[in-house]
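The values are calculated or read from the model by the stated rules, or taken from the named source; none is laboratory data. These numbers come from a predicted model, not from an experiment. FYI the Cβ positions are ideal-geometry reconstructions off the backbone, even for glycines, and counts take in every protein chain you see. Remember, those area values only see protein heavy atoms, side chains included, never the ligands or the DNA or RNA. Shrake-Rupley method; radii C 1.70, N 1.55, O 1.52, S 1.80 Å.
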Amino acid sequence: MFGKLLKNDLKAQWHSISTIFLCIAFVAVGAEIFTLTTKQQAMKVLGGMLVFIALGFACIVVLIAVALMFSKTMFGRAGYLTLSIPVKTSSLLISKTVSGLIWIFSVYALFIGSLFLWVYQVKQTLGNQILDSVESILTIFGVPSFLTIFIGILFFLISLAVLTLVMVQALQLSITLSNISPISKFGNIGIIVMFFVIFLVVQTVTTELSDLLPIGFVVDADTVKFTSNIVRTKAAMGGGGLSIGICGSIFRLLAAIGLHYPTVYLIQHKINIK
């Protein structure tokens, strides 16, 4: 049943989200054609950067679109139909969450892909010497190698995925709260304020907890060490390398899961459908 629910959500949302993907395709294809046809090296680099910037902006747009679709299908005119479906409210909410994450992560994937494509284009245009120079500069600033950067990017992507889940859950809770009297009278301003309050509380609490448990990895030029204290281990290794704490992301994941339950309760007992 959940599979059918998710499939129907994706089909219904595609009508709204397809415009964003069409714009992404238009900008990306146009910029890539310009990059491949221009003979000026600087323009080739700028063309690839344009795709990267456009997709970065699209990540924000699709997040807003997902929030608007959630509000419309749960609390707008379609809300009566949505909440009358003979499935658990929890399943409805999870379906909305998963379908929204699919659209968001699709754009994220294009965004990250454009970054690697841009790096490849820079390498093809300017040659390996520029990368060797960059690696030398990074060494001066305490980044041992591109391997360290790669592992750092990998962890960043995982952290970004967890952070996105927190944002989606915080948005859903904020939108749900905005449909409860007397909070409903504040409209969209109430949604924005509550979103930032919920998100900042989660970030502050999880950051404080992660500081108390500095468990993670320290990555040096050619070694990766798991440790219960990344600060002490990094100091023992001379202060170089990259320290990666994992507890923050774990706590944020737990917080995102926790935000699901008050949203379900409020939808079941407190909401006012417009």
- prompt: What are the pairs, 6+ residues apart or on separate chains, where a residue within the stretch 176-194 that is in a loop (DSSP other than H, G, I, E, B) has its Cβ under 8 Å from a residue that is open to solvent by 80 Å² or more (accessible area, probe 1.4 Å)?
  reply: S178/F186; S178/N188; N179/K274; I180/K270
message: Regarding the stretch 92-115, can at least one residue be identified that is farther than 30 Å from V51 by Cβ, open to solvent by 40 Å² or more (accessible area, probe 1.4 Å) and not in a helix (DSSP H, G or I)?
response: no
From L157, L173, residue being in a helix (DSSP H, G or I), surrounded by 19 or more Cβ atoms within 10 Å (Cβ to Cβ) and not hydroxyl-bearing (S, T, Y): L173
Residue among K225, K185, K234 that is in contact with a helix residue (DSSP H, G or I) (Cβ under 9 Å, 6 or more places away or on another chain), outside the structural domain of L68 (by TED's automatic domain parsing) and basic (K, R): K225
- line: Only one of F70, F75, F21 is at pLDDT 80 or above, out of contact with any Ser or Thr (no Cβ under 7 Å at 6 or more places or on another chain) and under 23 Å from L253 (Cβ atoms), namely F70
- prompt: List, please: which pairs have Cβ atoms under 7 Å, are six or more places apart or on different chains, and start with a residue in the stretch 157-170 that is modelled with pLDDT under 90 and of a type in the set (V, I, T) and end with one that is crowded, with 21+ Cβ neighbours inside 10 Å and not in a helix (DSSP H, G or I)?
  reply: none
- prompt: Identify, please: which residue in the stretch 151-191 is closer than 22 Å to L254 by Cα and β-branched (V, I, T) and is, among those, nearest to the chain's Cα centre (by Cα)?
  reply: T164
query: Does V264 meet the test of being in contact with a Lys or Arg (Cβ under 9 Å, 6 or more places away or on another chain), touching a residue at least 12 places away in the same chain (Cβ under 8 Å) and either more than 20 Å from A67 (Cβ to Cβ) or not assigned by TED's automatic domain parsing to the domain that holds M74 (or both)?
result: yes
query: Quick check, is K11 open to solvent by 90 Å² or more (accessible area, probe 1.4 Å) and under 30 Å from S90 (Cβ atoms)?
result: yes
statement: The residue that is modelled with the lowest pLDDT, considering only those in the stretch 233-254 that are in a loop (DSSP other than H, G, I, E, B) and buried (at least 18 other Cβ atoms within 10 Å of the Cβ), is G241
field: Positions within the stretch 191-214 being open to solvent by 50 Å² or more (accessible area, probe 1.4 Å) and in contact with a strand residue (DSSP E or B) (Cβ under 9 Å, 6 or more places away or on another chain), in sequence order
entry: D211, L213
query: Given (1) under 25 Å from F195 (Cα atoms); (2) of a type in the set (A, V, I, L, M, F, W, C); (3) buried (at least 19 other Cβ atoms within 10 Å of the Cβ), where does A31 come up short, assuming only one miss?
result: (1)
